[in-house]
Every structure is written in structure tokens, then in C-alpha cells.
1. Out of everything in region 158-174 that is open to solvent by less than 50 Å² (accessible area, probe 1.4 Å) and closer than 21 Å to residue 78 by Cα, what residue ends up being modelled with the lowest pLDDT?
2. Taking the condition open to solvent by 40 Å² or more (accessible area, probe 1.4 Å), at pLDDT 90 or above and of a type in the set (A, V, I, L, M), does residue 75 pass?
3. Go through region 205-247 and give me each residue that's surrounded by fewer than 18 Cβ atoms within 10 Å (Cβ to Cβ), out of contact with any Phe, Trp or Tyr (no Cβ under 9 Å at 6 or more places or on another chain) and among the small types (Gly, Ala, Ser).
4. Check off (1) under 30 Å from residue 131 (Cβ atoms); (2) open to solvent by less than 10 Å² (accessible area, probe 1.4 Å); (3) of a type in the set (Gly, Ala, Ser) for residue 29 and give me the number that stays unchecked.
5. Hey, any hits in region 41-53 for a residue that's more than 21 Å from residue 361 (Cβ to Cβ) and either without any contact (Cβ under 8 Å) to a residue 12 or more places away in the chain or open to solvent by less than 50 Å² (accessible area, probe 1.4 Å) (or both)?
6. Just need a number here: residues in region 20-42 that are small (Gly, Ala, Ser), part of a helix (DSSP H, G or I) and modelled with pLDDT of 85 or more.
7. Before we move on, is residue 200 at pLDDT 90 or above and surrounded by fewer than 16 Cβ atoms within 10 Å (Cβ to Cβ)?
8. Between 189, 184, which is free of Cβ contacts under 8 Å to residues at least 24 places away in the same chain and open to solvent by 50 Å² or more (accessible area, probe 1.4 Å)?
Amino acid sequence: MTGGLFRSAAVLGLLSAVGPLAIDIYLPALPEIEADLNAGIAATQMTLTAFFLSFGVSQMIYGPVSDQIGRRLPLFAGLVLFVAGSLSCAFADTIEMLIASRFLQGLGAAAVMVIPRAIIRDMFTGYEATRLMALVMLVISVSPMLAPLMGTGLIAIGGWHSIFFFLAAAAVFSMLLTGFALPETLSPENRVRVNPRNMAHGLKVLLRDPTFMGLTLIGGCGMASFFVFIASASFVYTGHFGLSLTGFSLAFAVNAIGFFASSQIAAQLGRRFGMTRVVVLAVMGFALVELALLALTLAGFGTLSVVMLFLFMGNACLGLVIPTTMVLALDHHGDIAGLASSLGGTLQMVVGGLMIAASSPFFDGTVTPLVATIAICAVSAFVLMKLLGVGRQAYTDPTGI
């Protein structure tokens, strides 16, 4: 069982890493793209917003379709779109073309995010699912830790366009991985026919489930804070703090380590204290850490070391929140796991994309808008937790599930 778990984690992790790789590997190129395409910071950040929005909304297609026809074919379809979008990005010569190409790329990347989550639910529930999710995230963690360094190297060799040729090649590898190493996990008898009536019923069930909605939106606020950091970090670290592209890549990796290191103990903490209780305490810690960072920044102590330390601690809290909320949100919806995964992913990605769009007009290249927006996300997660009653479950249900 352990060997199978690690094999599944490796395959699903490599597939799931395609989407984050498409984000992280080109972060060092954002300032160069801004200059090369004669675009402002806000327009350049729109290449991320377009990706996040299409990445989120198109999950509503892949999940229900995979519930009807199985998991493998939609994966192949998404990867084909991703290859097309990557090649279009590589040949983009205007910021408008790059934004449109990133939108197409996001349409394809959604498949390798939503479907692996549904596959996990096909195979396991509860603590075992959390453990597999954490192992998948361990594989994905290679992306934010190494991708910016890879991007820096590719820029040095062939400019920012070469990054997207590399992404196209990575997607082709993922297609081969799906073809040879990923069996179908949804048996024919468990498939649900896709039609407006079934989808409407499933959405009605999910939208009226306060546990599903609460956990999804709490995780969405956490994801939004990370997306805002992704969109602004290269400008802040290289422009405000004066780091080189390599220095930025290393700083970004340090911040990401906090998230993925803590995600590896989420299952163990959930087994000992109850999974919902872990979410409650981690959200509280996230809010306190980010509010403290905002206070220090406004007081004039927002140095590079202070910002990196507090972002590391905040991301460590998110490493407990995000995988656990994903598992808990899907746990009681196994019959519509694809639709539930789609809706959850859509809500989270749209929240993240809208937060980038809302904060971009206030971004001036300094650290304060970045820190303030992350603090808003953290406080929003805490408020949602209280309003939707997620915290009460931690003390009425000792297992948290």
C-alpha cells in the first residue's frame, strides 16, 4: 500500500505541477516582459490574472466531464490546449497577445489541477486522502522552489520566450506520463451522466453545504494571498529590495519551503487533533502573523529579512490550511467528486485572480501594498471561518470530519 501511495503521489504530483510551473517559472521574466513589450506593471500582471481566471473557470468543465467519461481523456484534452497556449505565448510580440495566450494556457492547465484532486477522492478518503494530497504537494513543491531558478537560466540562454517552449515540452512529457503511468480510477458504474439537470442538482447540493462552501472559501483566501505574492514578488524583491534575478529566485524558494514543509505534517496533526481543528488554529495563526507583518511594515521595519521571515511563517500556516480544506470539502461528496473539485477550484482561482486585479491599481513597487493585501486575505479567511461556523465543528466533532 505504501509503495502504491508513493507511486500515485509521484504521478499525480508531476501532473499537478504543470499548472504551478506555468506560473512560477516565468516570474523572474516579468520585469523583462514589461520592458520588452513596452507594458506597464499592471498590464504585465494581467498575464497572471488572465491565467488564473481561465484556470479557475474552466475547471467547471473538466470536473463534470471527468465524472461522466473518466479521468484520462479530459487530462489529454487539457494538456493539448496547454501545449497550444504555451507555443502561442512563445511567439507573442505584444502584451495583448501574451495575455490572450496565457488565457488559453490556463484553459488547459485547469485539467491537471482539478482531475488529480478527483482521482485522489476516487482512491481514498479522510486521513489517507490527506496523506496522499500532502505527498502530491511535496512533489509539486519542486516548482516554486526550483522553477524561478530554472526560469532565470532559460532567460539567460534564450530570453523569456524560451520559458514557454520549455513549458510546451513539459506538457508533452505529462501526456506521455498520463498515457503510460496513470490508470483510469473512475469505474464505469460510478460515472455520472453530465446534463443540465444533474449539474444543477449537484451545484445546488454543494452551494447549500455550509461546510463545503466555508472550507472552499477559506482555502480560497489562502490561495489568493499566495497569488498576490506571486504577482508582485518579482517587482518587490528586484525593484524595492534590489535583489538580482537569482537572488529573487532563492528568496521565493525560501518563502515556498514554509508552505510545503508544513503540508507534510497536516495528516499527522489531523489524526491527532482533528482535521477541522488544525484548520481553525492554522487560520488564526495566519491572520496573526500577517497582521503583525503589516504593523511592522507600517512602522518602518519592513526590511527584506523581516518580510521573508513573516511570509515564511504565514506560508507555513497555509501549508496546513490548503490541503486540509481541500480534502475536507470533498470528503462527503464522493458521488460528485469531479464537480465538487471543479467548483472548489473555480471559486478559489477566481478569488485569487480577482484579488490580483483589485490590488494591482494600488501597487507602486514597494512592499506595503503587497503586505497589506496579504493581510486582507488572512483576515478574510478568519472572518469567513467565524461567519460560516467552521470553527464550531472543531469542538463538536473530535475527528473534524
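1. Quick first cut of region 158-174, residues open to solvent by less than 50 Å² (accessible area, probe 1.4 Å) only: 158-160, 162-164, 167-168, 170-171, 174.
Within this subset, residues satisfying the condition of being closer than 21 Å to residue 78 by Cα are 163-164, 167-168, 170-171, 174.
Working: 163: 96, 164: 96, 167: 95, 168: 96, 170: 92, 171: 93, 174: 89.
Checked region 158-174; the qualifying residue modelled with the lowest pLDDT is 174.
2. On the way: open to solvent by 40 Å² or more (accessible area, probe 1.4 Å): no; at pLDDT 90 or above: yes; of a type in the set (A, V, I, L, M): yes.
Here the answer is no, as residue 75 does not meet what is asked.
3. Across region 205-247, the qualifying residues are 239, 242, 244.
4. So the condition that residue 29 fails would be (1).
5. Start the filter on region 41-53 by keeping residues that are more than 21 Å from residue 361 (Cβ to Cβ), which leaves none.
Checked region 41-53: no residue is more than 21 Å from residue 361 (Cβ to Cβ) and either without any contact (Cβ under 8 Å) to a residue 12 or more places away in the chain or open to solvent by less than 50 Å² (accessible area, probe 1.4 Å) (or both).
6. Adding up the residues that qualify gives 3.
7. Values: at pLDDT 90 or above: no; surrounded by fewer than 16 Cβ atoms within 10 Å (Cβ to Cβ): yes.
Answer is no for this residue.
8. Working: 184 fails: free of Cβ contacts under 8 Å to residues at least 24 places away in the same chain.
Only one candidate qualifies: 189.
The values are calculated or read from the model by the stated rules, or taken from the named source; none is laboratory data. Since the model is a prediction, treat every value here as computed from it, not as a measurement. Virtual Cβ from ideal backbone geometry, glycine too; neighbours counted across all protein chains shown. Each accessible area value is taken on the protein alone, full model and side chains, heavy atoms only, with ligands, DNA and RNA left out. Shrake-Rupley method; radii C 1.70, N 1.55, O 1.52, S 1.80 Å.
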